[in-house]
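J.: What follows is a structure written as structure tokens; I'll ask about it next.
The values are calculated or read from the model by the stated rules, or taken from the named source; none is laboratory data. Since this is a predicted model, take the numbers as computed values, not measurements. No Cβ is skipped: glycine too gets one built from the backbone with ideal geometry, and neighbour counts run over all protein chains shown. Surface accessibility is based on the protein's heavy atoms, side chains included, excluding ligands, DNA and RNA. Shrake-Rupley method; radii C 1.70, N 1.55, O 1.52, S 1.80 Å.
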Amino acid sequence: MDILVVGSVAFDSVETPFGKVEEALGGSATYFSTSASYFADVALVAVVGGDFPEKHVKFLRDKGVDLSGLKVVKEGKTFRWKGRYEYDLNQAHTLETQLNVFSEFKPVIPENQRDAEFLFLANIDPDIQHEVLEQARNPKFVACDTMNFWIGGKPEALKRVLKRVDLFVINEGEAREFSGEASLVRAAKKILDMGPKILIIKRGEYGSLMFNGSSVFSAPAYPLEEIFDPTGAGDSFAGGLMGYLASTGNVSDENIRRAIILGSVMASFNVESFSLDRLSALDFKDIKTRYSEFKRLTHFENM
Ligand code: AMP
């Protein structure tokens, strides 16, 4: 196993101007592991309720995800998230968050997974992220995601986690809210001061920006004609990025830039359908072809 992820496994009900789904498989850890599974071996730590169907467990298992850290609380209900997107698909509007079994969850990393070199703290309660950090033994590279729900709800717990991560990924709006700065450059400086060595600000259809204190890298998003559902784009991005880093074992600046493009590739596939429909049905050839298209998209000669 190369990557250990903790995060939500959920039922998502999502509405966009192009359609809607009720109680589809979702969750930050689900999108992340599906995306990362194309590159590396992933083990997932999370909790679901007795209402979580076997077909979803099978889906993740068929992707090769190690589920020995997935706890089932038979008498509890799975996490649920309800969201809506307007025509500006960059902005998710949360209508409802039901933590359910996550409100009491104390993660326990199986003994054989505590030495994972790559650790991803996907969007979930920062106290749960911290608990996982405490149990991990000397990971080589730790990355972390979050969202406004936790920035507003548990800012101090989040700051405690950030002191110990190498990479923090966050949405543009959330970076502004968290730092209290309108300028992304200033926001990045403030957030890097909280501890992470690298910060990636995700900007939806405008791509992403990476700051590491000495350089900035800008990656575009793939110009898609049709976007159905942006849910999980951030987690698919992180899955491609961490999956590639883990598969190469190389966390140099140059390799992180490649990994960011692979993250963008995976996010671009994910938004082409609702839930995990497109992301789960890829061929590695599709990934390589789109990576080359990204290269052409951003390449230009010296003047
Ligand atoms: P994103 O990649 O940012 O679009 O993440 C979308 C996923 O995050 C959805 O599948 C949701 O189930 C999940 N999610 C939404 N709110 C929360 C929350 N407060 N904590 C953990 N996961 C969440």
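J.: Looking at Gly234, Gly195, Gly243, Gly239, which is the one that is farther than 19 Å from Ser28 by Cα and either modelled with pLDDT of 95 or more or of a type in the set (A, V, I, L, M) (or both)?
T.: Gly195
J.: Which one is most open to solvent (accessible area, probe 1.4 Å) among residues in segment 168-196 that are closer than 20 Å to Asp235 by Cα and not in a helix (DSSP H, G or I)?
T.: Going through the qualifying residues, I end up with Asn171.
Residues checked against (1) touching an Asp or Glu at 6+ places or on another chain (Cβ under 6 Å); (2) within 16 Å of Val9 (Cα to Cα); (3) aliphatic (A, V, I, L, M):
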position	(1), (2), (3)
Pro53	no, yes, no
Lys58	no, yes, no
Ala92	no, no, yes
Leu95	no, no, yes
Phe102	no, yes, no
Asn112	no, no, no
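J.: Are there strands (runs of 3 or more DSSP E) fully within segment 32-111 with at least 3 residues that are crowded, with 17+ Cβ neighbours inside 10 Å and among the aromatic types (Phe, Trp, Tyr)? List them.
T.: Working: elements: 42-49, 66-73, 79-85, 92-98.
Here the list reads 79-85.
J.: Restricting to segment 229-264, name every residue that is among the aromatic types (Phe, Trp, Tyr) and away from the ligand (no atom under 13 Å from the Cβ).
T.: Tyr244
J.: Could you run through segment 112-127 and say how many residues are open to solvent by less than 10 Å² (accessible area, probe 1.4 Å), outside any loop (DSSP other than H, G, I, E, B) and within 16 Å of the ligand (Cβ to nearest atom)?
T.: The total comes to 3.
J.: Being within 11 Å of the ligand (Cβ to nearest atom), among the aliphatic types (A, V, I, L, M) and closer than 21 Å to Asp277 by Cα is true for just one of Val14, Val57, Val42, Val65. Which residue is that?
T.: Values: Val57 fails: within 11 Å of the ligand (Cβ to nearest atom); Val42 fails: within 11 Å of the ligand (Cβ to nearest atom); Val65 fails: within 11 Å of the ligand (Cβ to nearest atom).
Result of the check over Val14, Val57, Val42, Val65: Val14.
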